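Structure, as structure tokens:
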Amino acid sequence: MHLVVDIGNTDIVCGFYTETEWKVILRTPTHQPWSAIRMEHWIQKELTDKGFPEVKVESILISSVVPSVLTQIQKGLEHWVNYPVKVMGPKLYATLPIEVISPDEIGADLVANSVYAHTNYRSDVLIVDFGTALTFTLVDAQGKMKGVSIAPGLKTAVKSLFSETAQLPEVPLEMPNSALGHDTVSAIQSGILWGYVGMVKEMISRVKEERGPGVKVIATGGLSSILTPLEAYFDEVNKLITLEGLRIVAQQ
């Protein structure tokens, strides 16, 4: 099997795949007291628990937007497999089928998303990633990343409201039926979730005004399925787009 690792601001996601399918996907919170040994032991235990006690991993590619965590994760995986592990970065970007903007600054996950979008659509594609941050990335038909927009993610917005106010609770992310709530919980849900529906619609509309109505729009991220009123605006909703993009990069 092969392994791609997406180190995000909230979770670390490890996807094991063969030539034809994803075999197992592991997930754990990013911000832990990681050491190389802890990483190695964690992944061995998780694989055993999932029914894969003996796995031969032929290659590993890591994407990370959390530099403070990357080193120990990389060391732990290298000790586990006993060979160097590749990491998404500017040197690797030069070999990709897309043109990466601001390669020293852009998130590796957005690059992976763009690789997936260009490989599968070959047209202007807007990728909406519902993660810790809500990001909008446009890649054109020639594979050039044209620009990115970043806003706080849904959970980030809820936690910010909860932590900065004295009496407002942290609420579950469930789409309310009404635009106006009738108690504190539903009021927060309506304000944030319907507010984000409006934000995403406006961003899609503006991008299509600038680039034309033929822009494809795809959604990814763990929270991509929550804002159900947006379903008609997306040509594809796929929570594994980042992993799929990393898989494409690893296989090139």
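Semi-axes of the equivalent ellipsoid for the chain, computed as √(5λ) from the eigenvalues of its C-alpha gyration tensor and ordered from largest down, come to 31, 24, 15 Å. Beta-bridge orientation, segment 1-160: approximately 75 percent antiparallel, per DSSP, counting only bridges with both partners inside. Values of log10 I(q)/I(0) for segment 1-118 across q = 0.14, 0.16 Å⁻¹ run -0.59, -0.77, by the Debye formula with one identical scatterer at each alpha carbon and no solvent.
Just so you know, the Rg over Rh for segment 160-252 is 1.08, from Cα atoms, with Rh as the Kirkwood radius.
Listed by chain and number, the lysines whose alpha-carbon sits under 17 Å from that of LYS23, ignoring those within fewer than 8 places in the same chain, are LYS45, LYS50, LYS56, LYS239.
Quantify, in whole percent, the carbon and sulfur part of the accessible surface of the chain (1.4 Å probe; protein heavy atoms only). About 51 percent, which is the carbon plus sulfur part of the accessible surface. Ranking GLY147, ALA157, VAL249 by Cα position along the charge dipole of the chain, where only Lys, Arg, Asp and Glu carry charges on their C-beta atoms, puts VAL249 farthest toward the positive end.
Mean projection of the Cα convex hull over all viewing directions, computed for segment 1-54: 3.9 nm².
Report the relative contact order of segment 110-252, percent, no decimals, based on alpha-carbon pairs under 8 angstrom and at least 6 residues apart.
For segment 110-252, the relative contact order is 27 percent.
Solvent-accessible area per residue in the chain equals 50 Å², computed with a 1.4 angstrom probe and all protein chains kept.
When the scattering of segment 113-179 is computed by the Debye formula from its Cα atoms alone, each counted once and equally, what is log10 I(q)/I(0) at q = 0.21, 0.25, 0.28 Å⁻¹? Values returned for q = 0.21, 0.25, 0.28 Å⁻¹ are -0.84, -0.99, -1.12. Annotation: extensible slack from SER149 through HIS79 equals 21.5 nm (criterion: 0.36 nm per residue apart, minus Cα-Cα distance).
If you model segment 196-249 as an ellipsoid using its alpha carbon gyration tensor, with each semi-axis the square root of five times an eigenvalue, the axes come out at 21, 15, 8 Å, biggest first. Put HIS118, HIS79, HIS2, HIS41 in order of accessible area, highest first, and with a 1.4 Å probe you get HIS79, HIS41, HIS2, HIS118. The distance from the alpha carbon centre of segment 33-103 to that of segment 104-172 is 22 Å, rounded to a whole number. Taking 0.36 nm per residue of sequence separation and removing the Cα-Cα distance, the THR119/GLU210 pair yields an extension gain of 30.5 nm. Give me the angle, in degrees from 0 to 90, between the Cα long axis of helix 67-81 and the longest principal axis of the Cα atoms of the chain, rounded to the nearest 10. Relative to the chain, helix 67-81 is tipped by roughly 40 degrees.
The values are calculated or read from the model by the stated rules, or taken from the named source; none is laboratory data. Predicted model, so just to flag it, every value in this text is computed and none were measured. For neighbour counting, all protein chains shown are included, and Cβ atoms are generated from backbone atoms with ideal geometry for every residue, glycine included. What goes into the accessible areas is simple: the full protein's heavy atoms, side chains included, and nothing from ligands, DNA or RNA. Shrake-Rupley method; radii C 1.70, N 1.55, O 1.52, S 1.80 Å.
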